[in-house]
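The values are calculated or read from the model by the stated rules, or taken from the named source; none is laboratory data. Remember, predicted model here, so these are calculated numbers, not experimental data. Cβ sites come from the backbone with ideal geometry, for glycine too, and all protein chains shown count toward neighbours.
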Amino acid sequence: MASTKIYRCLHLSKAQVALDPEGYLVELENWSAEVAEAIATEESIELTAEHWEVINVLRDFYCRFEQAPAMRPLVKAVGKALGEEKGRSIHLMRLFPGSPAKLAARIAGLPKPTHCL
């Protein structure tokens, strides 16, 4: 569980999903592709196949290590899973502008990465 404090809810077609004050899911098991699309839309991001590749790498990382990766481990994990070209900071910043580790984790339905401000 990311945080127990509900700040607001995403209103989806068949449900409402609670978010904490930073926009992370309160209950991680409420994540779905529809949730990812809704969070991405709020951030003015249209999810493409490249985004989904990174989201899947993030979710796999979380399953294995029980934490969302900060930027350096994210770059390394993406590079290992998707190849050197996609495992570059510039590629991740193009897909998830600002703070790729935090934004990608939010969209992927994961808690805030450790060591991210």
Checked against (1) within 20 Å of ALA18 (Cα to Cα); (2) buried (at least 20 other Cβ atoms within 10 Å of the Cβ), PRO69 satisfies every condition except (1)
Over the stretch 1-35, the set of residues in contact (Cβ under 8 Å) with a residue 12 or more places away in the chain, loosely packed, with under 12 Cβ neighbours inside 10 Å and under 22 Å from TRP52 (Cα atoms) is SER13
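I'm trying to understand the selection: among the residues of the stretch 49-90, which are in contact (Cβ under 8 Å) with a residue 40 or more places away in the chain and not basic (Lys, Arg)? Even if it seems obvious, please write down each step before you answer.
Step one: of the stretch 49-90, the residues in contact (Cβ under 8 Å) with a residue 40 or more places away in the chain are 50-51, 54-55, 58-59, 62, 67-71.
Scanning the stretch 49-90 gives GLU50, HIS51, VAL54, ILE55, LEU58, TYR62, GLN67, ALA68, PRO69, ALA70, MET71.
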Going through (1) part of a helix (DSSP H, G or I); (2) closer than 21 Å to ALA18 by Cα one by one, LEU110 fails only at (1)
When SER89 is run through (1) of a type in the set (Ser, Thr, Tyr); (2) surrounded by 13 or more Cβ atoms within 10 Å (Cβ to Cβ); (3) closer than 23 Å to VAL17 by Cα, the failure sits at (3)
Scan the stretch 98-109 and give yes if some residue there is more than 22 Å from GLU37 (Cα to Cα), at pLDDT 95 or above and among the hydrophobic types (A, V, I, L, M, F, W, C), otherwise no.
no
Among the residues of the stretch 1-21, the number that are touching a helix residue (DSSP H, G or I) at 6+ places or on another chain (Cβ under 8 Å) and more than 12 Å from LEU110 (Cα to Cα) is 6
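Anything in the stretch 45-66 that is surrounded by fewer than 11 Cβ atoms within 10 Å (Cβ to Cβ) and either of a type outside the set (D, E, K, R) or over 14 Å from ILE107 (Cα atoms) (or both)? List them, or say none. So that I can check it myself, show each step before the final result.
Restricting attention to the stretch 45-66, the residues satisfying the condition of being surrounded by fewer than 11 Cβ atoms within 10 Å (Cβ to Cβ) are 46, 48-49, 63-64, 66.
Hits for the stretch 45-66 are THR48, ALA49, CYS63, ARG64, GLU66.
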- GLU22 being in a loop (DSSP other than H, G, I, E, B) and acidic (Asp, Glu): yes
